[in-house]
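The structure appears below as structure tokens.
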Amino acid sequence: MNSTDIENALSKNANDFIARAVEAYNNRDNKAAVINLWSGVLLLLKIWIFRKQPSLIYSRWEDIVKFEDGELVFSPFVADGSYQTVDYNAIKSRFRFLGNSNSLLFNNDTILKDIQNKRNRIEHFVHDIPEREITTVFVKVLPFINDFIEQELNEKANDFLECWDDFLQIDELFRHRLKIMEDFIEEISPSVREIRHGGVELVKVDCPNCGRGKLINSEENTLYCRACEYRTTYIECNRCSRVYPEDDIDIFIEKTGICSECFEEICKNSD
């Protein structure tokens, strides 16, 4: 297996665990939800390490480096499952070793240690944790998963996660993405001063896909909802200049180039 195949296998396993976690959460099987989510988180972190230096996901340094021609060099990665990989504490050490001390991992360490602790109690001890505590820590980890995928793995969460639709249905996660959307809109919106000097005001339309986000024209001839990642082309009314998602146009826009409100107004004025 080459490095691409191995990384794809890690991603597939991460996806499997996260999908199982979300399904278990929706079925109120909170024990399975926490166990699977923690496994998925660890795999996401290992993917980041693997991209930097594959052998660094091994737990023992003697499996990571070797002495060759008078120098220490990284050992080639062996994908036969014979070497133990890093646990959470070792993962944090590897992130620091690789110069990523500002990782979201450390900003979310308290939350991650909490789910790790609950997972350990569930799997290795007596399952004595109140259900409310389990669901609370579960939903707290979801924004970290979303942001780590997008900011540190540099992937779109909706492309990376095979369970994207179900993932997005969890309200705490969706509210987190709404906040990201609002910050994104604020960041790219021209100021009043810029508009007065010829800047084009950002178009904002209610998203027909998620119902809570806003479609904006951040790309040429495309409306985009940062909350749910829905994209569609759009049509501008020739009379009032309002923008309508092309997926949501009616017969009047399609045939006349004007929106239904303008059409009705023209009809009323012609009586």
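Read-outs: derived from the displayed coordinates by stated rules, not from any lab. Being a predicted model, the structure only gives us computed values, none of them experimental. When we count neighbours, we look across all protein chains shown, and the Cβ atoms used for this are built from the backbone with ideal geometry, even at glycine.
Observations, loosely collected:
- Sequence-distant residues sharing a close amide H with V65 (under 5 Å, placed H): S75
- Simple spin-label estimate for E23 and E261 in nanometres, 7 Å along Cα-Cβ: 4.5
- Of the GluC sites (Glu not before Pro) in segment 198-243, those whose Cβ has at most 12 other Cβ within 10 Å and which sit in DSSP loop: E201, E220
- Coil-residue trypsin sites (Lys or Arg not before Pro) of segment 147-178, DSSP, other Cβ within 10 Å capped at 12: K156
- Computing FRET efficiency as 1/(1 + (r/R0)^6) for A32 and R175, where r is the C-beta to C-beta distance and R0 is 35 Å, gives about 0.90.
- With both labels modelled 7 Å from their Cα along Cα-to-Cβ, the L98 to Q53 distance reads 1.0 nm.
- Peptides 167-173, 13-19 ranked from most to least packed, by the mean per-residue count of other Cβ atoms within 10 Å: 13-19, 167-173.
- Taking 7 Å steps out from each Cα toward its Cβ at N269 and E7 produces label points 5.8 nm apart.
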